[in-house]
Amino acid sequence: MRVFDFTDAIARAPAPSVVHGLRRDSSPDPDFEKLRAEHLAYVAALQGAGLTVDILPPLDAFPDSIFVEDPAFVIPQGAILLRPGAPSRLGEREHTRDVLKRHFGQVHELADGENADGGDVLVTPKTIFIGLSKRTNRAGAEALKAALKSLGRDARVVQTPPAILHFKTASSLLDEETLLVTRAMADSNVFEGFRLIVTPDGEEGAANALRVNGTVLVGDRFPQTRELIRKHGLSVQSLAVTEIAKLDAGLSCMSLRW
Ligand code: GLY
């Protein structure tokens, strides 16, 4: 099975509080109904790609909880309950543990002081990249690396370029040898041995694409990137991400997949 072949996913419906989600700048609040429509279309795309999606109920107390990828990490071999680096998101893990246990049985957990967001973890066939960032500290990255080793996967701790929220804000896997990356990520030289497709100027947000089975999901605001991926021989589905992007988020953030 290839690392982008999935049968299952977990997502969480957005709560009205999502409009108060974290963001780095003073972007206007997203529109709740439009954001909900983007989320519904996203879940439909996963289902259309053949995945069974377990949709968790909204959590009004946690505005960013729609971004289920951050408090947990899953691969077919097992699940790890992470410890998000943003204090307002730490409580999401208490609402994530049970669903992980339901699907995976035993769940590894990071300990106090070990912060890691799933958005900083990029799975490739040979190695799993863990990006140090404002959300993922050295202790969290090393603990996650050890947990992955116990699941039979090698990981590499690398530095996320400055000013990038999450490692996967700026990188995604397109196929076994190819990554879609921003120029800043390409220049960081962490991806030795990979073919890199660099997002055109102004389309940096496209780098958070999501390969799901035979299709690459890409934001609808990024026509040049979609064309580059098509030229590379892959099928592309575009999805609206305008409201989600106001919360510094993208397509990988809204599901856990295995
Ligand atoms: N708004 C997504 C995050 O900052 O975690």
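Every read-out reported here was derived from the displayed coordinates using simple, explicitly stated rules and does not represent laboratory data. Note that the coordinates shown come from a computational prediction; the quantities given were computed from them, not determined experimentally. Every residue, glycine among them, receives a Cβ derived from its backbone with ideal geometry; neighbour counts consider all protein chains shown.
Among the residues of region 183-236, write down those that are free of Cβ contacts under 8 Å to residues at least 60 places away in the same chain and of a type in the set (S, T, N, Q). S188, N189, T199, N208, Q224, T225, S235 - these are the residues of region 183-236 that are free of Cβ contacts under 8 Å to residues at least 60 places away in the same chain and of a type in the set (S, T, N, Q).
The set of residues in region 3-43 being within 13 Å of the ligand (Cβ to nearest atom), of a type in the set (A, V, I, L, M) and touching an Asp or Glu at 6+ places or on another chain (Cβ under 6 Å) consists of V19, L22, L35.
Looking only at residues of region 56-86 that are of a type in the set (V, I, T) and in contact with a helix residue (DSSP H, G or I) (Cβ under 6 Å, 6 or more places away or on another chain), we find that the one that is farthest from the ligand (Cβ to nearest atom) is I80. Quick one: in region 241-258, of everything that is surrounded by 23 or more Cβ atoms within 10 Å (Cβ to Cβ) and of a type in the set (G, A, S), which residue is nearest to the chain's Cα centre (by Cα)? Among those that are surrounded by 23 or more Cβ atoms within 10 Å (Cβ to Cβ) and of a type in the set (G, A, S), it is S252. Scanning region 222-237 for residues being closer than 17 Å to G202 by Cα and buried (at least 16 other Cβ atoms within 10 Å of the Cβ) gives a total of 5.
Quick one: is R89 part of a helix (DSSP H, G or I), of a type outside the set (A, V, I, L, M) and either closer than 27 Å to F104 by Cβ or in contact with a helix residue (DSSP H, G or I) (Cβ under 9 Å, 6 or more places away or on another chain) (or both)? Yes, satisfied. Taking V53, is it touching a Phe, Trp or Tyr at 6+ places or on another chain (Cβ under 8 Å), more than 13 Å from the ligand (Cβ to nearest atom) and not in a loop (DSSP other than H, G, I, E, B)? Criteria not met by V53.
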